[in-house]
Amino acid sequence: MKCSKCKRDAVLFQRYSGMHLCEEHFTIDLETKVKKTIRKEGWIKSGDKIAVALSGGKDSTALLYFLKKTFAIRRDIEIFAVTIDEGISGYRDIKICENIAESGGVKFHTASFKEHFGITLNEIVQKKGDINSCSYCGVLRRQVLNKTARDAGATKIAYGFNLDDEAQSVMMNVLRGDAVTLLRKEKPVLGMLPRIKPFKTIPEREIALYARLHTEGYEERGCPYSHNALRADVRGILNQYNYSHPATKYALLNLGEKLKSGIPADNSGAETCAACGEPVFGTCRVCGMLKELKKE
Ligand code: SF4
Ligand code: ZN
């Protein structure tokens, strides 16, 4: 197939636009959309220091490449990488992340669960079983990532979440009947860095192609604990449904964003945990988890 814009060989067919795109026109198309999202959301401003949450996978590697390329000429904006070592043997490889940061020409910061909490995710799984791995991992990582990025001078944290991730999250909240998460705005808390998601409108397969075309050295293995059954089911359902209704994932993303304005942010509860001193929404889930883990 030939590119709809220039007649070179196409590398992608976009069902939702009906266009075949060559490498160059695909790259321009994707980067234009991401820049538009960043502008529309007012996400990156003069003076910003953006910490990219680098997992070493395709999404965050592609995001680091995109941000560095786009903002390389801006001396008033800094991009760097932060990787958290949860302590998952055979998966999280700090060296891979360090190499990606180095080839992207950005500074690299890292911290681990072991040094922060005295326990690795592998050890938590031994105590709690792997069914609970992602709940512990998500809560603990958010705090260490925020603290490490903040200590490195970041003003924002950039995540590589793509359209599929966002649509799946909305759908999962619907299937769980979790109205509060769907409706409530996140409350800004002092010390908690704002999160930005520049790839939120780009389908996963396009991010995978972008990463393959422009980056190298990223991790292709998945986390050994990533068997979240609901997310896997939802991903399958959405991919199937999206085939005959190509706008479905965008519709879910938009729905999720529109719903978020329904309930104002919860202004009750403490903003700083008395025990660990880190910013929290209400009670500190990190300290709760650590206390419970020490008991066993
Ligand atoms: Fe952590 Fe779960 Fe992600 Fe693995 S899949 S890194 S356990 S959140
Ligand atoms: Zn072309």
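Ligands, DNA and RNA left out, the 1.4 Å accessible surface of segment 240-296 is 59% carbon and sulfur atoms. For the chain, the residue among 173, 112, 261 whose Cα projects farthest onto the positive side of the dipole built from Cβ charges is 261. A crude spin-label estimate for the pair residue 187 and residue 9, with each label 7 Å from Cα along the Cβ direction, gives 5.7 nm.
The base-10 log of I(q)/I(0) for segment 60-162, evaluated at q = 0.18 Å⁻¹, reads -0.90 [Debye formula, identical scatterers on Cα atoms, solvent excluded].
Entry comment: accessible area of the chain is 52 Å² per residue, from protein heavy atoms only and a probe of 1.4 Å. Restricted to Cα atoms, segment 146-296 shows a radius of gyration and a Dmax of 18.1, 52 angstrom.
Between residue 239 and residue 31, what length comes free when the chain is fully extended (0.36 nm per residue of separation minus the Cα-Cα distance, one decimal in nm)?
72.5 nm
Translational diffusion of the chain, estimated by Stokes-Einstein from the Kirkwood radius over alpha carbon pairs at 25 °C in a medium of 0.890 mPa s, is 119 µm² per second.
In summary, the convex hull built on the alpha carbon positions of segment 1-73 has an orientation-averaged projected area of 6.3 nm². If R0 is taken as 41 Å, the Cβ-Cβ distance between residue 151 and residue 1 corresponds to a FRET efficiency of 0.25. Each Lys and Arg Cβ is given +1 and each Asp and Glu Cβ -1; about its Cα centre, segment 1-42 then shows a dipole of about 200 debye.
Only protein heavy atoms count here; under a 1.4 Å probe, residue 165 has an accessible surface of about 40 Å².
Find the relative contact order for the chain and round it to a whole percent, using C-alpha pairs within less than 8 Å whose residues are 6+ positions apart.
20
In the assembled protein chains, residue 16 presents an accessible area of approximately 80 Å² (probe radius 1.4 Å). Just so you know, the Rg over Rh for segment 188-275 is 1.05, from Cα atoms, with Rh as the Kirkwood radius.
Each part reduced to its alpha carbon centroid, segment 1-15 and segment 152-228 end up 28 Å apart.
Given R₀ = 45 Å, what would the calculated FRET efficiency be for residue 94 paired with residue 17, taking r from the Cβ atoms and rounding to 0.05? Present the calculation step by step, with values, prior to reporting the outcome.
On the way: r = 39 Å, r/R0 = 0.87.
Plugging the Cβ-Cβ distance into 1/(1 + (r/R0)^6) gives 0.70.
The orientation-averaged shadow of the Cα convex hull for segment 1-42, equal to a quarter of the hull surface, comes to 2.9 nm².
The GNM of the chain, with springs linking C-alpha atoms under 10 angstrom apart, assigns the highest mean-square fluctuation among 161, 117, 66 to 117.
Given R0 = 25 Å, the distance between the Cβ atoms of residue 229 and residue 40 translates into a calculated FRET efficiency of 0.10.
For the chain, the longest principal axis of the Cα atoms and the long axis of helix 163-176 meet at an angle of about 50 degrees. Using Cβ point charges alone (K and R +1, D and E -1), the dipole size of the chain about the Cα centre works out to roughly 740 debye. When the chain is treated as a Gaussian network with alpha carbon springs shorter than 10 Å, the biggest mean-square fluctuation among 87, 222, 256 belongs to 222. Label sites at residue 135 and residue 260, each approximated as a point 7 angstrom past Cα along Cα to Cβ, lie 2.5 nm apart.
Measuring between their Cα centroids, segment 63-83 and segment 237-257 lie 30 Å from each other.
The values are calculated or read from the model by the stated rules, or taken from the named source; none is laboratory data. None of the values given here were measured: they were computed from a predicted structure. Reconstructed Cβ throughout: ideal geometry from the backbone, glycine too, with neighbour counts over all protein chains shown. SASA here: full protein model, heavy atoms, side chains in, ligands and nucleic acids out. Shrake-Rupley method; radii C 1.70, N 1.55, O 1.52, S 1.80 Å.
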